[in-house]
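> Dropping a structure here in structure tokens format, bear with me for questions.
The values are calculated or read from the model by the stated rules, or taken from the named source; none is laboratory data. These numbers were taken from a predicted model, which means no experiment stands behind them. Please note: Cβ atoms are built from the backbone with ideal geometry, for glycine as well, and neighbour counts cover all protein chains shown. When the accessible area is computed, the model is the full protein with side chains, heavy atoms only, and any ligands, DNA or RNA have been set aside. Shrake-Rupley method; radii C 1.70, N 1.55, O 1.52, S 1.80 Å.
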Amino acid sequence: MAETMKGLKRTHRCGELSAANIGETVTVMGWVQKQRNKGGIIFVDLRDRAGILQVIFEEAECGGENFAKAEKLRSEFVAAVTGRVEKRAAAANENLATGEIEVRALQVRILSEAETPPFPIEADSRTKEELRLKYRYLDLRRPDLQKNLILRSKIATTIRTFLSEEGFLEIETPILNKSTPEGARDYLVPSRVHPGMFYALPQSPQIFKQLLMCSGYDRYFQVAKCFRDEDLRADRQPEFTQIDLEMSFVDVDDVIDATERMVARVCREAIGLEVELPLKRMTWDEAMNRFGSDKPDTRFGMELTDVSDIVKGCGFGVFTSALEAGGSVRGINVKGQAEMPRKKIDALVEFAKGYGAKGLAYLSVLPDGSYKSSFAKFMAEEELKALVEAMGGQPGDLLLFAADKLKLVWSVLGALRIEIARQLELIDDNKFNFLWVTEFPQFEWSEEEERYVAMHHPFTMPMEEDLELLETEPGRVRAKAYDIVLNGVELGGGSVRIFQSDVQERMFEALGFTKEKAHEQFGFLLDAFKYGVPPHAGLAIGFDRFVMLLVKADNIREVIAFPKVKDASCLMSDAPNLVDEKQLEELHLRITE
């Protein structure tokens, strides 16, 4: 039968005790990891968020009643133990922080009994994730998940402390807001008091933080909850947390400097990593041309090489037809893999097709210097030699090529180099390679909408020297936008904002917005801009992603207490779910088949 606390007070967490506490009488409380009854002596491993502690029960020490209770203890029972800290009688357990000591029990209370859990509560669980997520409250007891969430809390505290020291004010912005057309799909919330009207959950606090700059709060930040109704993947959730900040009277370098120092502080205090500042910077053009990605993983080489000029007059139709259509031919050099089996090469071709490629061309430079290729018969020996030379090919190398529209070639080869690096284990998981990608395109062409759309958002300032191109060549306009990247993952991004009303109007026109439509969607922001706007800029960092990368987790769910699965549902609570008819009536909603 479970007992109550009866005035008992915990003196220490289990994992906090050490040899320095030997001789003290302490009270610890936690969950039973396991119990081992050796006849006249019972060993109990007691666990809480701080760690595991060995407790010893001997009847002569604790008395018959307490010994009888200790015999009843089972996995996941909750117990309170008062006892004396002693040096461990057996050899120290080097796998435990408390491995030098043990607590000799004087008294025990069983605070709660437990059924046998559906899976072992242990680190590095091999239990299927679906089962763990169904019983997430048990999964969260596991030491590795607790370690992740404790570190997440520490990182949040470090960020708040840093930004406060830098003069930022933490200000909350609304969760219930108006839907906007740009960006991902909104989560909508029907209004009971405004029939047929809907709120949208925020995809970011963007407009509100710009309004705060208009209101004179020149340094704002928020640990903001955001929502996007989009397909999930390993580093994405429907609801997520971002570190959101905005600054007035600044330009690109000011935001980058503050962010870099914040990231360096977090890395130092969270995982003892010293980040060398300033971080490397790379323009968007350079990132795409070298790595085929605007979030390049620079922990390994295998960079893209443009060979369009080398092959433009060759006899291989795949190359020449792509170039005649205004496309590009580029390749990567997979060092030392010339004798990769054809089966593996074919698998890489199928991988490339998954990114839209029609295929891949390959050329192996064999150890004797001869070539084996899918297209050698279409090219003269001199042309092949020039191609290998342009690719930096040496005997033993495998050269892979994509030929198509430039955007597609970037996408295919950018993904391919990551896949090959994973397969060949070229990526050093102990490296943390940060860099900034700058000067993004202001616009990207939407085939679906047949118009230019903002690559970031419609409030991003173009580079001053490109303003004259807004009306004539929008595709060439660069933005004062910047992303911070870590190990091939976009950690966050931001931009300098437009603060002149004439530039904002020109931006809306370039996006195909009429004045009426712009005012309908963003009227309160545009109205605010009539009353004195400071130059301002900001950034948001994906907090969940940042923690995921620092703890080297494979999935963002490992650093979120109660995550959703791929279809945006919660296996534990069964959300989303049906609501009763009365609620629908109050909201003036009807479910259609």
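> Residues that are free of Cβ contacts under 8 Å to residues at least 40 places away in the same chain, open to solvent by 40 Å² or more (accessible area, probe 1.4 Å) and closer than 29 Å to Tyr137 by Cβ: does the range 46-59 have at least one?
Yes, some residue in the range 46-59 is free of Cβ contacts under 8 Å to residues at least 40 places away in the same chain, open to solvent by 40 Å² or more (accessible area, probe 1.4 Å) and closer than 29 Å to Tyr137 by Cβ.
> Consider the range 310-340. How many of its residues are over 35 Å from the mean Cα position of the chain (by Cα), without any contact (Cβ under 8 Å) to a residue 60 or more places away in the chain and closer than 23 Å to Gly396 by Cα?
Number satisfying all stated conditions: 1.
> Taking the condition of being outside any loop (DSSP other than H, G, I, E, B) and either of a type in the set (D, E, K, R) or in contact with a Leu (Cβ under 9 Å, 6 or more places away or on another chain) (or both), how many residues in the range 132-149 meet it?
Final tally of qualifying residues: 9.
> Only one of these conditions is not met by Glu444: (1) in contact with a strand residue (DSSP E or B) (Cβ under 8 Å, 6 or more places away or on another chain); (2) acidic (Asp, Glu); (3) in a helix (DSSP H, G or I). Which number is it?
(3)
> Out of all the residues in the range 130-143, which are open to solvent by 40 Å² or more (accessible area, probe 1.4 Å) and free of Cβ contacts under 8 Å to residues at least 40 places away in the same chain?
Once the filter is applied, which keeps residues that are open to solvent by 40 Å² or more (accessible area, probe 1.4 Å) and free of Cβ contacts under 8 Å to residues at least 40 places away in the same chain, the range 130-143 yields only Leu131.
> On to the next question. Looking only at the range 155-183, filter to residues that are loosely packed, with under 14 Cβ neighbours inside 10 Å and touching a residue at least 40 places away in the same chain (Cβ under 8 Å); which one of those is farthest from Arg451 (Cα to Cα)?
Gly167
> Going through the range 221-261 one residue at a time, which ones are under 29 Å from Gly532 (Cα atoms), touching a helix residue (DSSP H, G or I) at 6+ places or on another chain (Cβ under 7 Å) and not in a strand (DSSP E or B)?
Correct list: empty.
> Would you check if Leu111 is part of a helix (DSSP H, G or I), more than 22 Å from Asp544 (Cβ to Cβ) and within 40 Å of the chain's Cα centre (by Cα)?
No; evaluated as a whole, the condition is false for this residue.
> If you scan the range 485-495, which residues turn out to be open to solvent by less than 10 Å² (accessible area, probe 1.4 Å) and under 16 Å from Pro441 (Cα atoms)?
Scanning the range 485-495 gives Gly494, Ser495.
> Next question, about the same structure. State whether the residues of the range 18-25 include one that is surrounded by fewer than 20 Cβ atoms within 10 Å (Cβ to Cβ) and in a strand (DSSP E or B).
yes
> Return the pairs, sorted by first residue and then second, in which the second residue is in a loop (DSSP other than H, G, I, E, B), the first residue lies in the range 1-12 and is closer than 15 Å to Asn66 by Cα, the beta carbons are less than 8 Å apart, and the residues are 6+ apart or on different chains.
Final answer for the pair search is Ala2/Glu113.
> For the range 415-429, enumerate the residues that are under 14 Å from Thr298 (Cα atoms) and either of a type in the set (Phe, Trp, Tyr) or in contact with a Lys or Arg (Cβ under 9 Å, 6 or more places away or on another chain) (or both).
Result: Ala421, Leu426, Ile427, Asp428, Asp429.
> Would you say Leu589 is outside any loop (DSSP other than H, G, I, E, B), of a type in the set (A, V, I, L, M, F, W, C) and at negative phi?
Working: outside any loop (DSSP other than H, G, I, E, B): no; of a type in the set (A, V, I, L, M, F, W, C): yes; at negative phi: yes.
Considered against the rule, which asks whether it is outside any loop (DSSP other than H, G, I, E, B), of a type in the set (A, V, I, L, M, F, W, C) and at negative phi, Leu589 comes out as no.
> Follow-up question, since we're still on this one. Identify, from the list Asp567, Asp554, Asp527, the residue that is of a type in the set (Asp, Glu) and in a helix (DSSP H, G or I).
Just one listed residue meets the conditions, Asp527.
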